[in-house]
Amino acid sequence: MALVSISDAAKLVRKARTTLARDIENGHLSPTILQDGDVRIDTAELLRTYGRLHSPQAAPKEPVRKNSTDKTRIVLLEERIRSLERIIVLEAELRRVKDQVTTELRARLSDKDNLIKILESKVLFLEYDRQTRPEPTLEPQQTPSPAARPAQSAPPTATERRHAPAGLRGWWQRTFGSAGPRT
């Protein structure tokens, strides 16, 4: 059989030169090295490895175009994969932030409910306190004049006169719970 160069062999089997070089390295295809150092491949070796040989003139241009279209398609698909991976990462981050916000809002809602319960109990306590204890006034109560006093009551003693009037003493006792102010 005939010896052909690697470029011609690639045209005969309709493969790329790099494919033939890789097959030579892997031992699938045996090259013949001439005395001047040129590498040639026997056509019988091409038939053994790749099967059918094609004529070099009838090599169609379509595989090259298909190859470039495939490369473009591969690049587009790889970019789409990277975009989808970014979307997955962003969705995971969004889910994490959403869970964090939900947890924080639930904690705030619980705190609000506790605060409402505390305020309701204080309002109830104040209403109960208002009902059971009369509201103190800042002005002292008027003592009845001696003419308005009942006839059975004795005139005030000197000790009673030294102390605050009875109405004021009563207010003080209701408010502070002691016998009254000392003078």
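Where a number appears in this text, it was derived from the coordinates with a stated rule and is not lab data. All of these numbers come straight from a predicted model, not from anything done at the bench. Positions of Cβ are backbone-derived with ideal geometry, glycine not excepted, and every protein chain shown enters the neighbour counts.
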Quiz item: Which lysines does residue 71 reach when only Cα atoms under 27 Å apart count, and residues fewer than 8 places away in its own chain are ignored?
Solution: 11, 15, 61
Quiz item: At q = 0.14 Å⁻¹, what base-10 log of I(q)/I(0) does the Debye formula yield for segment 1-132 when every alpha carbon is treated as an equal point scatterer in vacuo?
Solution: -0.83
Practice problem: Just order 98-111, 2-15, 31-44 by mean Cβ neighbour count inside 10 Å, highest at the front, would you? | Solution: 2-15, 31-44, 98-111
